Amino acid sequence: MSTILAIDSTTELLSISVSENGIILSELKDDKSRKHMVNIINDIDTTLKKAKKTIKDIDLFSVNLGPGDFTGGRIGISVVKIFSMLSDKPVFGFNCLDIFSVGCAITNIEAIKNVKKKSNNTINNINNNVNNNSSDEVNSSFNDNDYFNNNGNKNNENDGSVYIMPLKDVRNDEIYFSIYEVRNLTTKNDSDNLIFKFDYDNTQYYIYKKFGNFLIKSGEASKKLIQVINQLINFKNFSCSTCGKIFNKNEDDRDVINNDFYDINNINEKNVDDNFKRNLNKEEFKGKFKIIFTADAVKNYKELLQNISLNIRILDKKTNVTVDIDENNLNPSSRYLNFLAYFNFTSNLKSLPIAPVYVRNFITFGKK
């Protein structure tokens, strides 16, 4: 039995949840006072009481490491580290983009299912309760009947491709993001990139982190995101090296966009649309292809993303390429943080270091 307390304090919304064996027992969302330091202990106590648990019943703590609000994120991290130290229980920490990707996949599962073909494999499921705030169809499907699987069964892959791009607004006119693929197939070679898996409607779905975490100026986001989508369509096995040419890595191993636009295939601003259109018209491109933008930047840069979506539709109306803008996951939720922790714990995976994730070099006061 594993009882998990998950805390997300990286935004104005303080989110806390308790789960047992993957089933959410209680959940609290506090967005009224926005005083996390004042409210967090009382909110934790309220969530535990609602779940009929005490802090001594918790087997594992989980926390959003950010990036996010500088002070808020550090409050949540400090609290779970203290609980862990006093109880000698482990802590799992996750990048906010991983949390966004899981939330997006679950709340958009019907749209993803329409792209992915059903597998005929029989799957032994662990019954879990995932109540979310998406459409009625998803709510009814996930209410007491949603599944998380840890038995390693394989499903047959299909022609449909689904990619999730969480876009986090990190201020300074910059967007922090990663690219995830939702698949029905797992291989040993991909196991290191697997962040989560779940079952829905007798089909198993795997979420892989393909590459990230990237920081990009909002002014160049349109060109580079279209370039990435172009490459994803052109090469189903899109490599990290290919992506790295668009998004160059800094020496400190953070994936950061250089200020100068790097063109991987001599695609410039004038011919990027022509190249993209030629790839869409290729005869071998027959399957459905969906990109889902999610996280708070879809609200703050809504017009930019709408233009990208419109541009793709205009290029060739005959293709099966669609771009969705998910505005139902503007804040990371402790619910999906809880699911990630349960999957990692039961899969014997290691956590990230329990420290805040920063997208820029941290400069201490008094230094230049």
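Using the structure shown, decide if D98 is in contact with a Pro (Cβ under 9 Å, 6 or more places away or on another chain), within 24 Å of F214 (Cα to Cα) and among the charged types (D, E, K, R). Against the criterion (in contact with a Pro (Cβ under 9 Å, 6 or more places away or on another chain), within 24 Å of F214 (Cα to Cα) and among the charged types (D, E, K, R)), D98 qualifies. Residue-level analysis places A341 outside the set of residues that are in a loop (DSSP other than H, G, I, E, B) and at pLDDT 90 or above. Taken over segment 209-224, residues that are more than 12 Å from the chain's Cα centre (by Cα) and among the basic types (K, R) amount to 3.
Evaluate the following for S17: is it among the hydroxyl-bearing types (S, T, Y) and buried (at least 19 other Cβ atoms within 10 Å of the Cβ)? Explain how you work it out, then say what you get.
Values: among the hydroxyl-bearing types (S, T, Y): yes; buried (at least 19 other Cβ atoms within 10 Å of the Cβ): yes.
Yes; evaluated as a whole, the condition is true for this residue.
Answer yes or no as to whether N328 is surrounded by fewer than 19 Cβ atoms within 10 Å (Cβ to Cβ) and more than 29 Å from F289 (Cα to Cα). No, not satisfied.
With respect to D43, determine if the residue is outside the structural domain of I175 (by TED's automatic domain parsing), crowded, with 18+ Cβ neighbours inside 10 Å, among the acidic types (D, E) and over 28 Å from N213 (Cβ atoms). Answer is yes for this residue.
The values are calculated or read from the model by the stated rules, or taken from the named source; none is laboratory data. Just so we're clear, the structure is a prediction, and the values are computed from it rather than from any experiment. Cβ: placed from backbone, ideal geometry, glycine included. Neighbour counts: every protein chain shown.
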